[in-house]
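Bear in mind that the values in this text are calculations on the coordinates, not laboratory data. The model shown is predicted, which means the values in this text are computed figures rather than measured ones. Here the Cβ is made from the backbone with ideal geometry for all residues, glycine too, and neighbour counts use every protein chain on show.
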Amino acid sequence: MITYPFQYKRADSVADAVAMLGEGGKALSGGHSLIPSMKLRLNAPDTLVDVGRIAELKTITVDGNDLVIGAGATHGQIASSSVVKQHVPMFAEGAAHIGDPSVRNRGTIGGSLAHADPSADWPAMVLAADATIVVQGANGSRSIAASDFFTGLFSTALEDDELITAIRVSSQADAKMTYQKFAQPASRYALVGCAVVKSADGSVRVAFSGVSDTPFRDSAAESQLNGGASSANAASGQSIMSDHFATEEYRRHLANVYLKRALAAVA
Amino acid sequence: MQINLTVNGKARASEVEDRTLLVYYLREQLGLTGAHVACDTSSCGACTVHVDGVAVKSCTLLAAQADGCQVTTIEGLASGNDLHPLQQGFKECHGLQCGFCTPGMIMTAADLLNTNPHPSETEIRVALEGNICRCTGYHNIVKAIQWAAEHQAVPA
Amino acid sequence: MSNKFIGQSIKRVEDKRFITGKGRYTDDIKLPGMLHAHFVRSPYAHARVVSIDTAEALAIPGVVAVYTGDDVAAINGVPCGWQVNFRNGETMREPKHPMLIATGDTAKHAGDPVAVVIAETKEIAIDAAEAVLVEWDELPAIASPADALKDGAPLVHSQFPDNKAFDWSFGNPVEEVDAAIEASAHVTTLEFVNQRVVPNAMEPRAYIGHYDAVADKYTLYTSTQNPHLIRLLMCAFVLGIPEHRVRVVGPDVGGGFGSKIYHYTEEALVTWASKQLELPVKWTSDRSEAFLLDAHGRDHVTKAEMGFDADGNIMGLRIKTIANMGAYLSTFAPAVPTYLHGTLLQGLYTTPKINIDMTCVFTHTVAVDAYRGAGRPEATYLLERIIELAAHEMGKDPAQLRFQNFIPPFDGVTQPGYQTQVALQYDSGNYAPVLQKGLDLLGYDDFRQAQKQAANSNKLLGVGFSTYVEACGIAPSAVVGALGARAGLYESAQVRVQPTGKVSVFTGSHSHGQGHETTFVQVVADKLGIAMEDVELVHGDSDTVAFGMGTYGSRSLAVGGSAIMKSIDKVLEKGAKIAAHKLECAEGDLEYGEGKWTVKGTDKSIGFGDVALTAYVPHVYPAGLEPGLDFSSFYDPANFTYPFGCHIAVVEVDKETGKVDLKRMIAVDDVGNIINPMIVEGQIHGGLAQGIGQALFEGTIYDENAQLTNGSYMDYVMPRADDLPMFETANQITPCPHNPLGVKGAGEAGAIGSTPAVVNAVLDALWSGGHNDVKDILMPLTSERVWRAMNN
Ligand SMILES: Cc1cc2nc3c(=O)[nH]c(=O)nc-3n(C[C@H](O)[C@H](O)[C@H](O)COP(=O)(O)OP(=O)(O)OC[C@H]3O[C@@H](n4cnc5c(N)ncnc54)[C@H](O)[C@@H]3O)c2cc1C
Ligand code: FES
Ligand code: FES
């Protein structure tokens, strides 16, 4: 319950933060993944760089046709944002089901994406929404497509000294979308989380959290559905996780049930 | 490191270790032992306090992160001798037994009523998702919060 | 005497401090100079300590001491408080739990301590504990009780070659039961596991040992359910220090559910260390440690067979169970599967022949002991599951099958108690009406209609019944002594009337959420006819309370309350002498009520306060009578008390996912007379949640190395607010005939009846959907298990 000793630094700006990360610091945003792991002594950074006070990371704005969510926006802020509800309503719907109210008051979208917990909710949503993750490093800014971002269990395309600054996603006010979650009964993370976006032209994007050790776009299911099928096999070709709460077989079954339910919700 | 913050309306300037969690700062340094520690995975909510008006798990926040903030704990919820409606509700409806989860329950419920003054039973239960009580089976906690919702001062 | 408070839902006196954050739990206490302890624990379930190197830890600034097994070799291990010998007379095998595992010895469950670091701050103690270097030799380990009995199983204690702690059989001779089952027209067989659960009181255990060298006195602050018992065990059996040199204080306690009855090694260790260092030493458990170290509950593997005649009358019940004791025998552990379980297998039924065969085994897991209900939930689970299954198999209505087999009503006053086949004599019972009331609340006929309709939808509906009788206030001492208890099971109380007529009551019961500061005061205020504000309850401190056995087994009111009643009787008896003297009448002419003695048929009276004052200022006073008005009593009950009731669960099962949604939970309980309905209802609610938790959510999971793999709230499923419905509760009142308050006990009832009701409901849902062959689903009924049951 007590972390290893470390040094605490507070960044006042993105530039400040990037500089501190370059010196080997680790970003601290909402702290709701990082601090729990440090309390259990599973993680021992020497320096924490608190990015939680950087005002520019907390804004939710519309830029042309894009919704731009600051990396430091909390789950709660997103869940109740009218701009989000208008442009990408699934984000508000899904954010409202992350953790509990206290977790939503502190935890941030940027922290969740950087942490890349395979059972977290954001990954499926940003994948299905085809969002872009905007990051800033010593050499400037770059954009990473969500589909390129998650590279494995708790790993991402992010470099150690890069900071996520925003999540950019094109406005999809005319699309139908949903995030459906079967929660692990103790932690309430996603045992299976299924995000489906159905564009005005009828094409669908499907993504899953909780199913495989890396969140993924279900391109196999998408091609079945976009080829005219009314249902599809979920997660085919994916390696499926297995644990006390769901064996591989049951998880695959749940993925299918949740895909079906999500499709019904956007029908 | 040095932190400056306001706790229950009182300005505090304290020296803390960088790694000090807010809950330990409150309990050990300020003697405010109302926030309890009942888990080490940020799951139970016994440590819930308000930081800048919203509920947070004080075991999952560094004291350093609360620097410059307004912190309210269960000890600061009543105004003088007037108990907060939630405190009254918990007593009226027998919303507590051993009392260990109670401060966290009340602080979480206070956050709920701030944003949703008239929650349904389901909304109350969902809002308590991050607060574990082993004694009451939650029935009377739900009733206590409903009682408080009915009896809270109507804003002018 | 009319009651003003008894029977009323008086709001709790103790709440004020808890709702304002002023509760004072052990970890809230800070003493000058206090040091902090942190233990170095075995990462393995079974491993030999090859060497321990403390040099690096000792060199860390702020570290005051590091102790290992060698330092505490002279201290006895923690003993067991109950002895159950083998069937063949062989003595129970009772390995003591050492304070710290010494070099060369083996740790026997994950978390067994090898060293303790004591430092100026908790942070330093934790950091330094990582610097204690222990070399381990990992050995094979077992967690499952069935595995423990297999040939070649790793041994927990090498001196006990079969891993058995003891075995036991009980009830009618097995040949008679065999014959009854043989002769039955239908036999229902059920093999099941009553899984291991973790008590999870929200306050983690915490202790502060404080030795005062000047006074040569120890004080132990401990989160315990029974301070005096801890003092007795720790002084007499572990540390060997005289009891009058030890004060044990139980401050506010954040729940126990059994887990804080027992004497744990850490308690003795901080007490001992405070003497070595002459400074207070505190240890507070983390939740992760609590999962590993607090005594767990249940853990039975059972095969039960129940025989019926052609009309559905129960003919016999035969049971074989293996019970897991864990690595050591905890304080009450041997009593739980035996005298608290085997003796309850009559249930509410007239079963003429019953036999249980029990084998209690050691495994490389933490000790199992009494957890809310202790033995009775196991017995009820067995009976209520098998009778429900029998009804299904025989095509009978489960409620009707119960009605048919219930013991007829008996009040224990005009009719004798009911003599069971398993030793107990029930005090009073009237079983059919509680089930009928439950059915009425449910709306049984309408339910079956709705269930039929639901069978074609995506969600199946099911109802599950459970009726129970349980035994509370375990006693009398002579009987439990003969059954192996090493302590008496009475209670003490002192009623001290102050000169002004205010009353201090000292009880050996110890509240950890039960609201004694309210209920006990209600009783005293009513019996004395004074205001509740004029009565104060003192408990939880061995220096102020003469003696006590504590709070567990739903015993506080039935036993502790009765002791108080005895003292009140003595107060009133002496008071009457003083009053008669003052009023110049005969004692027999007086009646007591409304706080005064009145000469019958007159308006001449004297108040309680005046009599009290006279007792302490005895100027006009009966000759030969001692001054003062202060009485102690010990109450040793004549029998257990036997609450009973009926719990009904309604569930919805998602056909596609197997997810169970508990829609309704109905509980009709008869806990005898009720002092405070609000508090009794609260006790029932809490018990229901725990029982539901066992049915649907909770259970330990050990891997092949006997490591607990779900030892945190991220993996161990605690029931949460959104998992439960509002509970529907009702009461029937059949007073206990043999204690002065007529109370039976309500602390555990909820946890006893609800578990089988919920499991039965899920099975009923599945049966309604055509899955007729499903006989059992392993608890907890996870979505996957239910889904598999529907898809096999
Ligand atoms: C009790 C509990 C329940 C939860 N339930 C859920 C749930 O149901 N679903 C779910 O999805 N999540 C859940 N979470 C996790 C929660 O959503 C976290 O908030 C989130 O995963 C991490 O966000 P954070 O802002 O707290 O990040 P932090 O904990 O501060 O950081 C997490 C990681 O991201 C890095 N990081 C943070 N910000 C940035 C940035 N801007 N750029 C680069 N790297 C960064 C950090 O260095 C760290 O490695 C739960 C957490 C708790 C404690
Ligand atoms: S102690 Fe903070 S959530 Fe449990
Ligand atoms: S009242 Fe004891 S944990 Fe909630």
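Going by neighbour counts of Cβ atoms within 10 Å, the residues C:L382, C:L233, C:L613 line up, fewest first, as C:L613, C:L233, C:L382.
A simple spin-label model places pseudo-atoms 7 Å from Cα toward Cβ; at C:I701 and A:E56 they are separated by 4.5 nm.
Taking only the alpha-carbon atoms of the stretch C:497-652, what semi-axes of the equivalent ellipsoid follow from 5 times the gyration tensor eigenvalues under a square root, in whole Å, largest first?
Values for the stretch C:497-652, descending: 35, 18, 14 Å.
Against chain A, whose longest principal axis comes from its Cα atoms, helix A:248-266 is set at around 80 degrees.
Say a site is exposed when it is one of the GluC sites (Glu not before Pro), sits in a DSSP loop, and has at most 14 other Cβ atoms within 10 Å; what is then the longest site-free stretch of chain A? Walk me through the numbers on the way to the answer.
Values: sites that count: A:E23, A:E159.
Free of exposed loop sites, the longest segment is A:24-158.
Counting every C-alpha pair in the stretch C:370-463, the share spaced more than 15 angstrom apart comes to 74%.
When each full DSSP H helix of chain C is screened for a Cα extent of at least 24 Å along its own axis and an average Kyte-Doolittle hydropathy of at least 0.0, the helices passing are C:562-583, C:677-696, C:749-768. The tail of the calculated P(r) for the stretch C:112-219, taken as Cα-Cα distances beyond 25 Å, holds 64 percent of the pairs. Since only B:C69, B:L22, B:A35 are under comparison, the one whose Cα sits farthest along the positive direction of the charge dipole of the stretch B:2-76, derived from C-beta charges on Lys, Arg, Asp and Glu, is B:A35. Across all directions, the average projected area of the convex hull around the alpha carbons of the protein assembly as shown is 50.3 nm².
With the charge dipole of the protein assembly as shown set up from +1 on Lys and Arg Cβ and -1 on Asp and Glu Cβ about the Cα centre, the Cα lying farthest toward the positive end among the listed residues C:P377, C:G23, C:T734 is that of C:T734.
Cα-based values for chain A, radius of gyration first and Dmax second, are 18.0, 57 Å.
Database remark: amide H of A:Q7 closer than 5 angstrom to the amide H of A:T47, A:L48 (H placed geometrically; neighbours at sequence offset of 5 or more, or on other chains; Pro and chain starts carry no H).
Could you grab the Rg to Rh ratio for the stretch A:176-266? Cα atoms only, Kirkwood for Rh. Can you show the working numbers first?
Values: Rg = 12.5 Å, Rh = 13.0 Å.
For the stretch A:176-266, the value is 0.96.
With the charge dipole of the stretch A:176-266 set up from +1 on Lys and Arg Cβ and -1 on Asp and Glu Cβ about the Cα centre, the Cα lying farthest toward the positive end among the listed residues A:A264, A:A183, A:V211 is that of A:A264. Pairwise Cα distances in the stretch B:2-76 exceed 18 Å in 27 percent of cases.
Footprinting exposure proxy ranking of C:R231, C:R298, C:R87, A:R252, fewest other C-beta atoms within 10 angstrom first, gives C:R87, A:R252, C:R231, C:R298.
Taking a straight Cα-Cα cut-off under 26 Å and skipping sequence neighbours fewer than 8 places away in the same chain, the lysines within cross-link reach of C:K600 are C:K4, C:K502, C:K527, C:K566, C:K570, C:K574, C:K577, C:K582. Note on C:C585 and C:V617: their simple-model spin labels are 2.4 nm apart, each label 7 Å out from Cα toward Cβ. The Cα-based radius of gyration of chain C, divided by its Kirkwood radius, gives an Rg/Rh of 0.99. Shape of the stretch C:689-792 from the C-alpha gyration tensor: oblate (a/c of 1.5 or more and a/b not above b/c, with a ≥ b ≥ c the square roots of its eigenvalues).
Over 26 Å between C-alpha atoms is what I'm after, so list which of B:K10/C:K11; B:K143/C:K775; A:K39/B:K10; A:K39/C:K663; C:K452/C:K655; B:K10/C:K22 land there. With Cα atoms farther than 26 Å apart: B:K10/C:K11; B:K143/C:K775; A:K39/B:K10; A:K39/C:K663.
With neighbours defined as other Cβ atoms within 10 Å of a residue's Cβ, the residues C:V758, C:V786 order from fewest to most as C:V786, C:V758. In terms of overall dimensions, the stretch A:7-50 has a Cα radius of gyration and Dmax of 10.4, 31 angstrom. Each part reduced to its alpha carbon centroid, the stretch A:58-101 and the stretch C:256-309 end up 46 Å apart.
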